[in-house]
Amino acid sequence: MSSFDEYILSIQGLILRFYTYEGIVEALDGVNLNIKPAEILGLVGETGCGKSVTSLSILNLVPPPGRIEGGEITLREGEKTINILEQHEDFLRKIRGNLISMIFQEPRAYLNPVFTVEEQLGEVLVQHRLGELLNSTIQKIDMELEKADKLKRHLLMLHKKLCLKMLKNPRSLSVRVASKIPLVNGFKSKLRMEIRKKVVELLKDMEIPDPQRVARMYPHELSGGMAQRVVIAMALACNPKLLIADEPTTNLDVTVQAQILHLIRVLREKYKSSILYITHDLGVVAELCDRVAVMYAGNVVELADVYEIFKNPLHPYTRALLESIPRPGKEFKSIPGTVPSLINPPSGCRFHDRCQFAMEICNKVKPKFIEVGKDHYVACHLFGGGK
């Protein structure tokens, strides 16, 4: 594939298996994928083809009994490259939610029902943007010092000193002790005010009406669309380089879906984040995405510009997907057969038993993922994938 300098994230030869009582599930079988800066890459395919586990692999969050057994996932951060699969958990916590964020399928499943929107968004900000919040708090204290009388100046100077200590070490003993003393812990109140201000700004960016009121609400008080906007706000709180959106409009009505898609497009322009958009809906892909990757049974079978995919689909599976879209005046075409079990997947090309162009080699040899046109990749023996 092209030079890594073009991409912010590159996945090469990713192999993922789940060790279950029924057998070994070969969930990902050498996935190759890359994401360019500030682009929206669509990831499409049937249910069970490996889209969601690919996204979880990027964050190194594959649940047991899953195991990543090959390949590499490389993130570019400035002049440095980070192989995510080689990092310790402490380092990965700094990346998750900061450099890479994720919008999950069910927003209510990822919002804690006993905390308000402000508390949950504030936790993300404290985890990854505490230094920025403390510096803003110190600036506000300096402004108060200019107008304060002698007695208040002493208290404000103590608040400033504690904020400076917290900048160096948020868990220092003096900060923890001061937090328990009623008169002294006013620095915490000032910090909370700064957090509240940032939370309201984020909710405004999500085009949520009356953000001050919504910030005080609990998840059960939010509509489906509102909950999704809050989850998007959490994902974008730290201006991530990469945002993974795993079917973010599932179970929303069409008008709310359109609003969320418009919001994602606007936020891409504002934050300049790259977006990996996972979906079944090819209509959404055509409207939203810059490039498209098509997955089938644990493999990326085609990757190209969105216009190229719709105008000139090469892989038989991509063609079958496009032909299965209902159109007025045309007979509906479904893809024959079913997605194979990944416990005992077909040999060679995993699509060969459903493919009308299958040849003898397709049953024996897995096709290579090769470039057949400018930035157009395909894994198929029809285009020399066996060479």
For the stretch 298-311, just list the computed ³J(HN,Hα) in residue order, Karplus coefficients 6.51, -1.76 and 1.60, θ = phi - 60°, integers in Hz, with x standing in for Gly and Pro. x, 10, 7, 9, 7, 8, 6, 4, 4, 5, 5, 4, 7, 7
Tell me which lysines have Cα within less than 16 Å of residue 364's Cα, excluding those fewer than 8 residues away on the same chain? 387
Electrostatic dipole magnitude of the stretch 1-69 [Cβ: Lys, Arg +1; Asp, Glu -1; Cα centre; debye, to 20]: 140
With a 10 Å cut-off between alpha carbons and a GNM built on the chain, which of 36, 364, 147 moves the most? 147
Angle in degrees between helix 224-236 and the longest Cα principal axis of the chain, rounded to the nearest 10: 80
FRET efficiency (residue 193, residue 94; Cβ distance; R0 22 Å; to 0.05) is 0.25
Which aspartates and glutamates, on any chain, are close to residue 241 with Cα under 17 Å apart, when same-chain ones fewer than 8 places away are left out? 5, 6, 39, 77, 79, 269, 290
In the chain, carbon and sulfur make up what percent of the accessible area (probe 1.4 Å)? 54
Please go through the residue pairs 94/188; 204/272; 80/188; 165/198 and name each one whose alpha carbons sit more than 25 Å apart in this structure. 80/188
With no solvent and one equal point scatterer placed on each C-alpha of the stretch 35-82, evaluate the Debye formula and give log10 I(q)/I(0) for q = 0.28 Å⁻¹, two decimals. -1.21
Per residue and in cubic angstrom, what volume does the convex hull of the Cα atoms of the chain have? 171
Springs between alpha-carbon atoms under 10 Å, Gaussian network over the chain: tell me which of 17, 291, 229 tops the mean-square fluctuations. 17
List every residue whose amide H lies under 5 Å from the amide H of residue 366, counting only residues 5 or more places away in sequence or on a different chain, with H placed 1.01 Å from N in the peptide plane. 348
Say R0 is 45 Å: what FRET efficiency, to the nearest 0.05, do residue 146 and residue 375 get from their beta-carbon distance? 0.20
Cross-link candidates for residue 51: which aspartates and glutamates have Cα within less than 16 Å, leaving aside residues fewer than 8 places away along the same chain? 26, 29, 106, 246, 247, 281, 302
Between residue 259 and residue 201, what length comes free when the chain is fully extended (0.36 nm per residue of separation minus the Cα-Cα distance, one decimal in nm)? 19.0 nm
accessible surface per residue for the chain, probe 1.4 Å, DNA/RNA/ligands not counted, whole Å² -> 50
Amide H to amide H under 5 Å from residue 43: which residues, 5+ apart in sequence or cross-chain, H placed 1.01 Å off N in plane? 277, 278, 279, 293
How far is helix 186-205 tilted off the main Cα axis of the chain, in degrees rounded to 10, range 0 to 90? 40
Give me a comma-separated list of calculated 3J(HN,Hα) values for the stretch 124-135, in order, Karplus coefficients 6.51, -1.76, 1.60 applied at θ = phi - 60°, integers in Hz, x for any Gly or Pro. 4, 5, 5, 5, 10, 10, 4, x, 5, 5, 5, 4
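The values are calculated or read from the model by the stated rules, or taken from the named source; none is laboratory data. Quantities reported herein were computed from a predicted structural model and do not represent experimental measurements. Note that each Cβ is placed from the backbone with ideal geometry, even for glycine, and that neighbours are counted across all protein chains shown. Side chains included, ligands, DNA and RNA excluded: accessible areas come from the protein's heavy atoms. Shrake-Rupley method; radii C 1.70, N 1.55, O 1.52, S 1.80 Å.
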